[in-house]
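Reading through the structure tokens given below for one structure.
The values are calculated or read from the model by the stated rules, or taken from the named source; none is laboratory data. Small disclaimer: the values here were computed from a predicted structure and weren't measured. Don't worry about glycine lacking a Cβ; one is built from the backbone with ideal geometry, like all the others, and counts go over all protein chains shown. What goes into the accessible areas is simple: the full protein's heavy atoms, side chains included, and nothing from ligands, DNA or RNA. Shrake-Rupley method; radii C 1.70, N 1.55, O 1.52, S 1.80 Å.
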Amino acid sequence: MKIAVAGLGYVGLSNAVLLAQHNTVVAIDIDQGRVDAVNGRRPTIEDDMMRAFLNEQTLDLKATTDPQIAYDGADFVIVATPTNYDPKTNLFDTSSVRAVVADVRRIAPEAVIVIKSTIPVGFTAELRQEIAYPGIMFSPEFLREGRALEDNLHPSRIVVGSHTDAAKRFAQLLVDGAIDKDMPVLFTNSTEAEAIKLFSNTFLAMRVAYFNELDSYAMAHDLDAREVIEGVCLDPRIGSHYNNPSFGYGGYCLPKDTKQLLSNYEQVPQNLIAAIVQSNSTRKDFIAEQIIAKNPKVVGIYRLVMKAGSDNYRDSSVQGIMKRIKAKGITCIVYEPVLEDEHFFTSRVETDLARFKADADLILANRLTDEIQDVAGKTYTRDLFEVN
């Protein structure tokens, strides 16, 4: 079976590698660098298991920038292109998804199209009707950055937004590629599958926000936040996972998915969803105030990435802290190996870690690593458990 995958980010590459174990997979991306990396068996993302898989496993996988090569003769086309949240429209920008669908309909009109990009609730049904083609379905992803392939090889569940035979064939392709075979497989309507994605990520954002607000309370009242969190999490109904305080939730999914879900509530009474979105901003305000109160002259931003083991700094919470303290006249310098520019939003990027440590009189770290343990005395963090 030939499967095309549009987009070589976390979702696209992990699905391409998963499916290339047993199928012919042609991935397409507009970035020639990503295409060259995949053809050279190098990952386009930070993911240790992905790197090992590309180097060690036999995969029927190639990449291209040519839609004709990618889509011609494809049985399934997986759409994993970025859909950024547009604050002007309060919606995801789905133009990249629409562009892929248009190319596929022109080149491979019989192909089944599986959207894995995150989209607004109701988008798939509207698109089916708009182009008069029923062979489009939505299948959400539940991947962690840095562990995208692991989460596809050991999936918590597989959800496919269709009850058709094609949906069952696609789900079986995912099962065949996985190491664990006993995961729940759920077939739903397309709109329900879209809602599952947004509500799942918003719940995770709510959990992050909850423990951050617990941490804010503990800081304000001089309590040991770690002891409080450990005591709360001993309740098996709550559990000890996803409980490490941070500067806020960030990354590819949670900020935009929570805002998109909130926009879908325009005609529905709610309080909680809006509070989850607002809580993230409130947390950044609180952390920034703590930093400003220390009267630092130069604050070193240790890593822009949202967590250890990631190369993604899009919407990372530390950027929000950085903007707030810079607005108060505090100078910031940035240590971030994934950056190639000399400045990040007018702040100097320091590539020499030793010089970075020496130049900053306070270091801001969302997550601790061994390489800054020697400056723990001037490091500000809320990383209580040293896990992501």
(request) Output the number of residues of region 24-82 satisfying the condition of being without any contact (Cβ under 8 Å) to a residue 40 or more places away in the chain, assigned to a helix (DSSP H, G or I) and open to solvent by less than 30 Å² (accessible area, probe 1.4 Å). (result) 4
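Quickly run through region 361-381 and pick out the residues that are under 20 Å from S310 (Cα atoms), β-branched (V, I, T) and assigned to a helix (DSSP H, G or I).
The answer is I372, and nothing else.
Yes or no, residue by residue, for (1) surrounded by fewer than 18 Cβ atoms within 10 Å (Cβ to Cβ); (2) farther than 16 Å from F247 by Cα; (3) in contact (Cβ under 8 Å) with a residue 12 or more places away in the chain; (4) of a type outside the set (K, R):
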{"residue": "M306", "(1), (2), (3), (4)": "no, no, yes, yes"}
{"residue": "K328", "(1), (2), (3), (4)": "yes, yes, yes, no"}
{"residue": "V334", "(1), (2), (3), (4)": "no, yes, yes, yes"}
{"residue": "R348", "(1), (2), (3), (4)": "yes, yes, yes, no"}
{"residue": "A358", "(1), (2), (3), (4)": "yes, yes, no, yes"}
{"residue": "D383", "(1), (2), (3), (4)": "no, no, yes, yes"}
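Inspect all residues belonging to region 147-156 and state whether any of them is within 26 Å of I238 (Cβ to Cβ), among the acidic types (D, E) and touching a residue at least 60 places away in the same chain (Cβ under 8 Å). Give the steps one after another, and end with the answer.
Going residue by residue through region 147-156, those that are within 26 Å of I238 (Cβ to Cβ) are 147, 150-151, 154-156.
Filter once more, keeping what is among the acidic types (D, E): 150-151.
Remaining after also requiring touching a residue at least 60 places away in the same chain (Cβ under 8 Å): 150-151.
Within region 147-156, one or more residues are within 26 Å of I238 (Cβ to Cβ), among the acidic types (D, E) and touching a residue at least 60 places away in the same chain (Cβ under 8 Å).
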(message) Return the pair list, or none, for Cβ contacts closer than 7 Å from residues in region 160-184 that are of a type in the set (S, T, Y) to residues that are open to solvent by less than 20 Å² (accessible area, probe 1.4 Å) and in a strand (DSSP E or B), at least 6 apart or on different chains.
(response) S162/M137
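Among the residues of region 1-23, count how many are in a loop (DSSP other than H, G, I, E, B) and either buried (at least 24 other Cβ atoms within 10 Å of the Cβ) or more than 22 Å from the chain's Cα centre (by Cα) (or both). Steps first, answer last, please.
Step one: filter region 1-23 for residues in a loop (DSSP other than H, G, I, E, B), giving 1, 7-9, 20-23.
Those left that are additionally either buried (at least 24 other Cβ atoms within 10 Å of the Cβ) or more than 22 Å from the chain's Cα centre (by Cα) (or both): 1, 7-8, 20-23.
Matching residues across region 1-23 total 7.
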(request) Go through region 256-273 and give me each residue that's in contact with a Leu (Cβ under 9 Å, 6 or more places away or on another chain) and either on the phi > 0 side of the Ramachandran plot or assigned to a helix (DSSP H, G or I) (or both). (result) D257, T258, Q260, L261, S263, N264, I273
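Return the residue satisfying two criteria in turn: it lies in region 109-139 and is of a type in the set (D, E, K, R) and within 15 Å of E192 (Cβ to Cβ), and of such residues it is surrounded by the fewest Cβ atoms within 10 Å (Cβ to Cβ).
So the first thing to find is which residues in region 109-139 are of a type in the set (D, E, K, R), and the list is 110, 116, 126, 128, 130.
Subsequent filtering for residues that are within 15 Å of E192 (Cβ to Cβ) retains 126, 128.
On the way: E126: 14, R128: 16.
Among them, the one singled out is E126.
Residues checked against (1) hydroxyl-bearing (S, T, Y); (2) modelled with pLDDT of 95 or more:
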| position | (1), (2) |
| --- | --- |
| P43 | no, no |
| M49 | no, no |
| L61 | no, yes |
| D66 | no, yes |
| Y85 | yes, no |
| N90 | no, no |
| V97 | no, yes |
| V100 | no, yes |
| D103 | no, yes |
(message) Looking at the structure I just gave you, is A354 small (G, A, S) and over 29 Å from Y10 (Cα atoms)?
(response) yes
(message) Taking the criterion of being of a type in the set (S, T, N, Q), over 27 Å from Y313 (Cβ atoms), out of contact with any Ser or Thr (no Cβ under 7 Å at 6 or more places or on another chain) and at pLDDT 95 or above, would at least one residue in region 118-136 satisfy it?
(response) yes
(message) Quick check on region 140-150: of everything there that is touching a Ser or Thr at 6+ places or on another chain (Cβ under 7 Å), closer than 21 Å to A4 by Cα and surrounded by fewer than 23 Cβ atoms within 10 Å (Cβ to Cβ), which residue is modelled with the highest pLDDT?
(response) F142
(request) Pairs only if they're at least six apart or on different chains, beta carbon under 6 angstrom, first in region 240-251 and closer than 19 Å to A288 by Cα and assigned to a loop (DSSP other than H, G, I, E, B), second at pLDDT 95 or above and of a type in the set (G, A, S); list them, first residue then second. (result) Y249/A205
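I276 - would you say it is open to solvent by less than 50 Å² (accessible area, probe 1.4 Å) and either in contact (Cβ under 8 Å) with a residue 12 or more places away in the chain or in contact with a helix residue (DSSP H, G or I) (Cβ under 7 Å, 6 or more places away or on another chain) (or both)? Walk me through it before giving the result.
Values: open to solvent by less than 50 Å² (accessible area, probe 1.4 Å): yes; either in contact (Cβ under 8 Å) with a residue 12 or more places away in the chain or in contact with a helix residue (DSSP H, G or I) (Cβ under 7 Å, 6 or more places away or on another chain) (or both): yes.
It is true that I276 is open to solvent by less than 50 Å² (accessible area, probe 1.4 Å) and either in contact (Cβ under 8 Å) with a residue 12 or more places away in the chain or in contact with a helix residue (DSSP H, G or I) (Cβ under 7 Å, 6 or more places away or on another chain) (or both).
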(request) Kindly establish whether Q260 is in contact with a strand residue (DSSP E or B) (Cβ under 6 Å, 6 or more places away or on another chain) and modelled with pLDDT under 95. (result) yes
